[in-house]
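A short worksheet on the structure shown next.
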Amino acid sequence: MCYEKELAAAKKAVSLAARLSQGVQKTLLQSEVWTKSDRTPVTAADFGSQALVSIVLERELQPETFSLVAEEETGELRKKGSEVFLEGITKLVKDTLASEESYADCPPLSTEDVLNAIDCGKSEGGCSGYHWVLDPIDGTRGFVRGEQYAVGLALLVEGKVVLGVMACPNLPLASVVCETDKSSKENVGCLFFATSGSGAYVQPLEGNSLPQKVGVSSNENLEEAKFLESYHKPIPLHSSIAKKLGITASPVRMDSQAKYAAVSRGDAEIYLRFTLSGHRETIWDHAPGFIITTEAGGVVCDAAGKSLDFSKGKYLAHKTGIIVTTKKLKPCVLKAVREAMEEEKLISETHNRNCTLSVYV
Ligand SMILES: Nc1ncnc2c1ncn2[C@@H]1O[C@H](COP(=O)(O)O)[C@@H](OP(=O)(O)O)[C@H]1O
Ligand SMILES: [Mg+2]
Ligand SMILES: [Mg+2]
Ligand SMILES: [Mg+2]
């Protein structure tokens with residue numbers, strides 16, 4: 001199947017959500033950043049983007065049953081005292097829809113419509129049927145700092161990711177790692193997409209330029225390889241792996257699934273993600289990046305070398321760590337991961353200290 005209709009709807013939804021988010025990022029105040037119960041940040045853009053994608057997918061596809069597995073929920077928005085914030089989100093969604101010619105005749109949108117659209121994202125996913133998977137703003141920390149973030153949307157069919165679209169509004173159209181291109185600061189905003197078996201593509205987020213096929217790096221010289229990691233606290237295990245591989249450059253730190261996009265177009269060869277023990281990775285943090293990278297010729301696996309399984313509900317079922325790299329480099333990266341993990345355990349036993357890996361402070 002080629003999922004042509006679904007891809008067109010997903011690209012439209014994600015592009016509009018990116019437009020909404022860009023407006024919010026420009027004027028965002030620290031006082032407008034809420035903290036969720038897991039102590040992570042959330043903004044009007046996270047809620048607005050989720051409502052918008054939910055509304056656009058329903059309007060475009062009019063599915064008999066619509067299943068969306070998405071990050072945000074309306075609990076706090078429905079509480080007394082949130083009225084002004086909710087009005088603001090509703091205005092953002094309305095204005096963004098109004099900016100799209102094909103929605104000129106659509107009925108007006110109430111705050112309740114916006115809450116209901118966000119609540120559509122409560123699905124649990126699973127191994128049967130169609131499920132859309134959405135991270136309305138991935139890398140909210142980066143978004144708040146004015147840096148990298150992504151709007152990521154994927155489609156799961158019978159537990160497999162078959163389509164992914166990712167907007168990276170602040171990602172240069174040229175390589176993000178080699179900043180030799182002086183125009184790269186202005187020339188930003190990428191829309192990546194992939195469908196199963198058809199390759200991965202990128203096009204500018206604005207304008208009508210044709211999509212270009214992307215492919216992972218063909219570099220096999222690890223001395224020259226570049227590796228990516230989350231923006232947060234440096235991970236000792238990541239540096240031991242890089243050292244074992246003979247990588248000489250310092251890691252490039254970046255927020256969001258833009259890291260997958262960067263590997264998919266060959267900006268870097270490796271993205272390592274070892275996180276806090278006990279932290280469960282959600283499918284919306286990986287599904288769009290997973291299909292874009294694999295369709296670009298890359299591999300995404302856990303520390304045991306197994307591909308990721310998106311069929312078990314909203315959490316990924318995988319062994320420690322996520323490794324994103326090229327097919328050529330996979331065997332040596334996995335060997336270095338295994339050796340570094342063994343050593344880490346050895347050191348931690350010797351010193352009788354907890355060897356928990358932590359990305360986040
Ligand atoms: N303690 C933790 N360990 C690992 N990932 C975490 C985490 N707390 C939050 N995250 C996830 O990491 C994502 C950001 O990844 P990155 O660090 O690569 O930018 C967040 O996505 P959101 O920003 O969508 O909430 C969130 O889902
Ligand atoms: Mg996320
Ligand atoms: Mg998010
Ligand atoms: Mg979040």
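Among the lysines of segment 222-350, pairs at least eight places apart or on separate chains and with Cα atoms under 15 Å apart come to 13. For the chain, the fraction of C-alpha pairs farther apart than 41 angstrom is 10 percent. Ordering 294, 322, 236 by Cα displacement along the dipole of segment 222-350 toward the positive end leaves 294 in first place; charges were set at the Cβ atoms of Lys, Arg (+1) and Asp, Glu (-1). Overall, the chain carries a charge dipole of about 940 debye about its Cα centre when +1 sits on the Cβ of Lys and Arg and -1 on the Cβ of Asp and Glu, all other atoms neutral. Our helix-only sum for the chain, with -39,500 (n - 2.57) per DSSP H run of n ≥ 4 divided by its residues, gives a mean residue ellipticity at 222 nm of -10500 deg cm²/dmol. Each residue in 34, 284 was given a count of other beta-carbon atoms within 10 angstrom of its own, and listing them fewest first yields 34, 284.
Sorting the segments 4-12, 102-110 by their residues' average number of neighbouring beta-carbon atoms within 10 angstrom, most packed first, yields 4-12, 102-110.
Placing dummy labels 7 Å off each Cα toward the beta-carbon, the span from residue 223 to residue 103 is 5.3 nm. Counting only alpha carbon atoms, the long axis of helix 83-98 and the longest principal axis of the chain meet at about 90°. When you filter the trypsin sites (Lys or Arg not before Pro) in segment 200-291 for DSSP loop state and at most 12 other Cβ atoms inside 10 Å of their Cβ, you are left with 280. For residue 213, the aspartates and glutamates whose Cα comes closer than 12 Å to its Cα, not counting residues fewer than 8 places off in the same chain, are 295. Taking the number of Cβ atoms within 10 Å of each Cβ as an exposure proxy, the fewest-first ranking of 341, 166, 254 is 341, 254, 166.
Extending 7 Å from Cα along the Cβ direction at residue 249 and again at residue 212 yields two label points whose distance is 1.8 nm. Per-residue packing, averaged as other Cβ atoms within 10 Å, sorts the ranges 40-47, 90-97 into the order 40-47, 90-97, beginning with the highest. With labels modelled as points extended 7 Å from the Cα through the Cβ direction, what inter-label distance (nm, one decimal) is found for residue 78 paired with residue 95? Taking the simple label geometry, residue 78 and residue 95 are separated by 2.8 nm. Projecting the Cα positions of 27, 174, 271 onto the charge dipole of the chain (unit charges on Cβ atoms of Lys, Arg, Asp and Glu, taken about the Cα centre) puts 271 furthest along the positive direction. Taking the C-alpha atoms only, the angle from helix 330-350 to the longest principal axis of the chain is near 70 degrees. GNM on the chain, alpha-carbon springs under 10 angstrom: the most fluctuating residue among 197, 189, 207 is 207. What FRET efficiency do you get for residue 328 and residue 66 if R0 is 35 Å and r is their Cβ-Cβ distance, rounded to the nearest 0.05? That gives a FRET efficiency of 0.30.
Read-outs throughout are calculated quantities, based only on the coordinates presented, and are distinct from any laboratory measurement. The structure displayed is predicted, hence computed values, not measured ones. FYI the Cβ positions are ideal-geometry reconstructions off the backbone, even for glycines, and counts take in every protein chain you see.
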